[in-house]
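J.: Pasting a structure below so you can have a look.
The values are calculated or read from the model by the stated rules, or taken from the named source; none is laboratory data. In this text the structure is predicted, and so the values were computed from the model without any measurement. So basically every Cβ, Gly included, is an ideal-geometry build from the backbone, and we count neighbours across all protein chains shown.
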Amino acid sequence: MTLTPGRQEQLRLVAWLRWRLFVNGLRTRRGKADLASKIILGVALGVVVLGVGPLVGGGSWYAIHKPQPYVLPGELWAIFVVWLMLPIFVSGFGAESNPGSLLRFPLRYSAFAVLALAHGAFDPVGVAAIYWLFAMLVGIAIASPGAALWAIPALAAFALFNLLVNRVIFAWLSHWLAKRRTREVLGLIFLLVMFSFQLCGPLSQRYGKTAMPVVLRLVAFGRFFPPGMAASMITTGHAGGVSRAALYFGGLAVFCLLFSWALSIRLRAEYRGENVSEARVEKTAAPTAVRAGFSVAGLSPAVAALLEKDVKYLIRNTTMFFTLAVPFILVVVMSLNKGSEHGSGPAFMRSGSTVFPLSVGYVMLVLVGFAYNVFGYDGAGVSVLFAAPVRFRDVVVAKNLLHALMVSVEVMLIGVLDWVVVGPVRGPIVFLTLLAAAGFILVNLAVGDLTSLYFPRKLNFGQMRRQQTSGVSILVSLGTQAVLAGLAFGFYLISDVTGNLSWCGIGFLVFDVLALVLYRRVLAAIDGLALKRRDALVNELCR
Amino acid sequence: MNNLAIETEGLTRRFGELEAVRDVNLRVEAGQFFGFLGPNGAGKSTIIKMLTGLLEPTAGRIRILGLDLAAEPIAVKSQIGVVPEGLALFDRLTGPEYLNFAGRMYGLDRATAAERAQELLDFMSLADRPKTLIVDYSHGMKKKLAMAAAVIHSPKVLFLDEPFEGVDAIAAGALKAMLNRMIARGATIFLTSHVLEIVERLCSHVAIISRGDLVAQGSIDELRSGVAARQDGGQKASLEQIFLDIVGGERVAARELSWLE
């Protein structure tokens, strides 16, 4: 007979487990490369987070020193939104790892709940938000030590509230995301939300003045919500309104209790062993004749079959398919500025000749991610590609062909859209843009084919987890885009200085030739590289 | 002139320090139903991956139907069919789409691929789910589909890694009948299975691998007579007894855990 270990021992064991998983993950070259890329990205983000601290602290100091009604609530609302939204952006829209996998062991409920909460507290965004709240406290304490006495409980309660909200959202999302179809629908909604942030700028420029009185009226209601409550508690407590400050603190406590209750519902259900996995729908239908597949002139049957397979994958991937629509929506929204009565929109939006190159660049940026992990959605099917009597070069060509087709169709449609909503594009600009785009596509395909072989990652449909893409691929992709953008800018500068657009054309023409040589070289080496990398590819994608 | 469907010489595969497969010399004659056995981690899947071009050998040579796999991979692959470990399906296609795709990857023209896909769907009782994505198939349905895709081009050699695992008795019966018909038509089948009764019933020849070494190969009767000679037994040994005798499993089975009540 064995004794169930206590909560602390269980937590210690789980911490050890996580640590071993992390250390063992570093045994592979890929694990080390991923860690290195995370450190690089982490340092870059860390600089931003640290830099925001003094700004937030200074704002809080200013709010107390020269009483400003909107600064403290503004800062707390901003932290609330960041704490709420960024983890979703960073960890993406996928069922996150949860302590549910540990339930086969005699894990105590208290340990289970602590693990669920700790997951949110040690989230990088959570750590950043707590640091900003601390910076606010320092700013308030410098302005008035008396106000800091109110700020400590207010900000602590606010932090607890945020932690609970974050956990409640993830717990319920994980519950919904356990079902494939729901996951796909929510993935689409997630993309729409992400996209809607891009609309904030143009819409506020166009409707900002009209909407401002309404926004200010809404701000007054903010004090009935936790960010406003925490800010009001500090300012009213500092001004001597003890009973009102206590009331705001009570309000914060009620919110915390409410979200604790919502979280406990989910955690208890998970602890009981709730299984929300999707049951298979037993739908039968009358057999139909199997239709013959694509026939594409100039392509071998195998390449045509591969192309057909990838087209079907594209159509059935809701999030990927939606991504194709994003550039069009953006052009339409950006064009809203063009006709504003005060002409306050950006100057480049008034001419099709400036909008077209920019929107083509945007199309390529949006789609480039697909080129850097081309086998991601194939999953275990990659074994079929190796087992079939087909050169791997043909497999890659089919995938590159689809990418080039996608970009070409998007560029063509966006050109038409630019012409309709903004205005005609000058012929030489169209020519130069297409010349640049051709080289950019070739370079991205060449580099993307290599990262797809060397840093493959299995991708799940309807999920957008950032961690699913190799950190190294992201860095390589960012670096490539930076070099290409620099090159384009360089050619533009030369043309601008000399006043002769043809320099730009010659530059891009030479660049295209070099890009073609690079692409052909990569393609020529693909069969050999694929053979060398097949173990790693199969192991990674068949997991 | 030899009539070997599968032949390996000094086949070796190392993963870093670990030598997973060591100097394996395998010989499978054309038309044989060949069972490949071994305990967990013995190297069965590693060998089947190497034989089908999914894994590069560290050393040694593989010849399939007289062709060198390393030198002529495309020619070899077009004559073999594979049901690999984990099935390896494109799960966002429907069953008909996947079979159609597989047929064309193996060089069938569009019409023939569609025709054979239809016939295989009927044969495997999968025709009533024309619009269901593979991701929504049950494990048994996926297995049948993987098997169908492996035979759509009428391969001369078929490699099956645990083909009956997770397949119900009715489907297993249909699959066995199909495999026997393929043997009758001259195909060679190379299968791995943990269910020794199935191997004993289907296969005429077996090979046993243990800790990366090929420790036995021949017809079941040859292996049986070897065991009988060692054990002086009058009874006809089952494949399970042969297997345990060769890999030394009885000693493990006899052990007990001191604390288990």
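Table: residues versus (1) crowded, with 21+ Cβ neighbours inside 10 Å; (2) within 14 Å of chain A (Cβ to nearest Cβ); (3) assigned to a helix (DSSP H, G or I); (4) in contact with an Asp or Glu (Cβ under 8 Å, 6 or more places away or on another chain).
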site	(1), (2), (3), (4)
B:ALA149	yes, yes, yes, no
B:PHE159	yes, yes, no, no
B:ALA171	no, no, yes, no
B:ALA207	yes, no, no, no
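J.: Can you tell me which of B:VAL167, B:VAL227 is closer than 19 Å to B:VAL151 by Cα, surrounded by 15 or more Cβ atoms within 10 Å (Cβ to Cβ) and modelled with pLDDT under 85?
T.: On the way: B:VAL227 fails: closer than 19 Å to B:VAL151 by Cα.
When all the criteria are applied, what remains is B:VAL167.
J.: Quick check: anything in the stretch B:56-67 exposed (fewer than 15 other Cβ atoms within 10 Å of the Cβ), more than 25 Å from B:ASP245 (Cα to Cα), within 12 Å of chain A (Cβ to nearest Cβ) and small (Gly, Ala, Ser)?
T.: no
J.: Same structure, new question: Just checking, how many residues over the stretch B:137-147 are out of contact with any strand residue (DSSP E or B) (no Cβ under 9 Å at 6 or more places or on another chain) and either buried (at least 18 other Cβ atoms within 10 Å of the Cβ) or under 22 Å from B:THR112 (Cα atoms) (or both)?
T.: 5
J.: Checking A:VAL360 against (1) under 19 Å from A:LEU487 (Cβ atoms); (2) β-branched (Val, Ile, Thr); (3) free of Cβ contacts under 8 Å to residues at least 12 places away in the same chain: exactly one of these is not met. Which one?
T.: With (1) under 19 Å from A:LEU487 (Cβ atoms); (2) β-branched (Val, Ile, Thr); (3) free of Cβ contacts under 8 Å to residues at least 12 places away in the same chain applied to A:VAL360, the lone miss is (3).
J.: Hey, among the residues in the stretch B:68-84 that are at the interface with another protein chain (Cβ under 7 Å from one of its Cβ atoms) and either without any contact (Cβ under 8 Å) to a residue 12 or more places away in the chain or among the polar types (S, T, N, Q) (or both), which one's surrounded by the most Cβ atoms within 10 Å (Cβ to Cβ)?
T.: Going through the stretch B:68-84, the residues at the interface with another protein chain (Cβ under 7 Å from one of its Cβ atoms) turn out to be B:74, B:77-78, B:82, B:84.
Remaining after also requiring either without any contact (Cβ under 8 Å) to a residue 12 or more places away in the chain or among the polar types (S, T, N, Q) (or both): B:74, B:78.
On the way: B:ILE74: 12, B:SER78: 17.
The extreme case among them is B:SER78.
J.: While we're on this one: Can you pull out the residues in the stretch A:227-247 that are without any contact (Cβ under 8 Å) to a residue 12 or more places away in the chain, in a helix (DSSP H, G or I) and under 16 Å from A:ALA148 (Cα atoms)?
T.: A:VAL242, A:ALA246, listed by residue number.
J.: Can you say whether A:PRO456 is in contact with a helix residue (DSSP H, G or I) (Cβ under 7 Å, 6 or more places away or on another chain) and within 23 Å of A:GLU308 (Cβ to Cβ), as far as the supplied structure shows?
T.: For A:PRO456, the condition - in contact with a helix residue (DSSP H, G or I) (Cβ under 7 Å, 6 or more places away or on another chain) and within 23 Å of A:GLU308 (Cβ to Cβ) - is met.
J.: Could you identify the single residue in B:GLU56, B:GLU29 that is acidic (Asp, Glu), closer than 20 Å to A:LEU537 by Cβ and assigned by TED's automatic domain parsing to the domain that holds B:PHE190? Reasoning before the result, please.
T.: On the way: B:GLU29 fails: closer than 20 Å to A:LEU537 by Cβ.
Of B:GLU56, B:GLU29, the one residue that is acidic (Asp, Glu), closer than 20 Å to A:LEU537 by Cβ and assigned by TED's automatic domain parsing to the domain that holds B:PHE190 is B:GLU56.
J.: Restricted to the stretch A:400-444, and to residues that are buried (at least 20 other Cβ atoms within 10 Å of the Cβ) and of a type in the set (D, E, K, R), which residue is farthest from A:PRO327 (Cα to Cα)?
T.: A:ASP418
J.: Could you grab me the full set of residues in the stretch A:489-526 that are surrounded by fewer than 16 Cβ atoms within 10 Å (Cβ to Cβ) and acidic (Asp, Glu)?
T.: Answer for the stretch A:489-526, where residues must be surrounded by fewer than 16 Cβ atoms within 10 Å (Cβ to Cβ) and acidic (Asp, Glu): just A:ASP496.
J.: Only one of (1) within 7 Å of chain A (Cβ to nearest Cβ); (2) within 29 Å of B:LYS44 (Cα to Cα); (3) assigned to a helix (DSSP H, G or I) fails for B:PHE90. Which number is that?
T.: Status for B:PHE90: all satisfied but (3).
J.: Can you confirm whether the stretch A:10-25 contains a residue that is under 30 Å from A:SER477 (Cβ atoms), touching a residue at least 12 places away in the same chain (Cβ under 8 Å) and in contact with a helix residue (DSSP H, G or I) (Cβ under 9 Å, 6 or more places away or on another chain)? Quick ask: steps written out before the conclusion?
T.: Within the stretch A:10-25, the subset under 30 Å from A:SER477 (Cβ atoms) is A:18, A:21-25.
Subset that is touching a residue at least 12 places away in the same chain (Cβ under 8 Å): none.
Within the stretch A:10-25 (the criterion being under 30 Å from A:SER477 (Cβ atoms), touching a residue at least 12 places away in the same chain (Cβ under 8 Å) and in contact with a helix residue (DSSP H, G or I) (Cβ under 9 Å, 6 or more places away or on another chain)), the answer is no, since none of the residues qualifies.
J.: Residues being assigned to a helix (DSSP H, G or I), over 11 Å from the mean Cα position of the chain (by Cα) and farther than 18 Å from B:SER125 by Cβ: count how many of those fall in the stretch B:181-205.
T.: Summing the residues that are assigned to a helix (DSSP H, G or I), over 11 Å from the mean Cα position of the chain (by Cα) and farther than 18 Å from B:SER125 by Cβ in the stretch B:181-205 gives 9.
J.: Based on what the data block shows, is A:LEU417 in a helix (DSSP H, G or I), away from chain B (no Cβ under 14 Å) and modelled with pLDDT of 90 or more?
T.: Working: in a helix (DSSP H, G or I): yes; away from chain B (no Cβ under 14 Å): yes; modelled with pLDDT of 90 or more: no.
The answer is no for A:LEU417.
J.: Quick check, is A:PRO428 in a helix (DSSP H, G or I), at negative phi and touching a residue at least 60 places away in the same chain (Cβ under 8 Å)? Working first, answer last.
T.: Values: in a helix (DSSP H, G or I): yes; at negative phi: yes; touching a residue at least 60 places away in the same chain (Cβ under 8 Å): yes.
Yes; evaluated as a whole, the condition is true for this residue.
J.: If the Cβ limit is 7 Å and pairs must be 6+ apart or interchain, which residue in the stretch A:299-324 that is under 17 Å from A:ALA371 (Cα atoms) and touching a residue at least 40 places away in the same chain (Cβ under 8 Å) pairs with which residue that is of a type in the set (Lys, Arg) and not in a helix (DSSP H, G or I)?
T.: Once the first residue is under 17 Å from A:ALA371 (Cα atoms) and touching a residue at least 40 places away in the same chain (Cβ under 8 Å) and sits in the stretch A:299-324, its partners that are of a type in the set (Lys, Arg) and not in a helix (DSSP H, G or I) give A:TYR313/B:ARG92.
J.: Could you list, ordered by first residue, the pairs with Cβ atoms under 7 Å in which the first is in the stretch B:94-114 and closer than 13 Å to A:SER295 by Cβ and at the interface with chain A (Cβ under 7 Å from one of its Cβ atoms) and the second is surrounded by 24 or more Cβ atoms within 10 Å (Cβ to Cβ) and among the β-branched types (Val, Ile, Thr), at least 6 apart or interchain?
T.: What qualifies is B:ASN100/A:VAL290; B:ALA114/A:VAL290.
J.: A further question on this structure: Can you spot a residue in the stretch A:519-527 that is within 14 Å of another protein chain (Cβ to nearest Cβ), in contact with a Ser or Thr (Cβ under 6 Å, 6 or more places away or on another chain), under 24 Å from A:LEU402 (Cα atoms) and of a type outside the set (Ser, Thr, Tyr)?
T.: For the stretch A:519-527, residues within 14 Å of another protein chain (Cβ to nearest Cβ), in contact with a Ser or Thr (Cβ under 6 Å, 6 or more places away or on another chain), under 24 Å from A:LEU402 (Cα atoms) and of a type outside the set (Ser, Thr, Tyr): absent.
J.: Something else about it: Regarding B:ALA75, is this residue farther than 17 Å from B:ASP161 by Cα and part of a loop (DSSP other than H, G, I, E, B)? Show your work before the answer.
T.: Numbers: farther than 17 Å from B:ASP161 by Cα: yes; part of a loop (DSSP other than H, G, I, E, B): no.
Here the answer is no, as B:ALA75 does not meet what is asked.
J.: Also, quick follow-up: Identify the residue in the stretch A:386-398 that is closer than 13 Å to A:LEU453 by Cα and within 30 Å of the chain's Cα centre (by Cα) and, among all such residues, is farthest from the other protein chains (Cβ to nearest Cβ).
T.: A:VAL396
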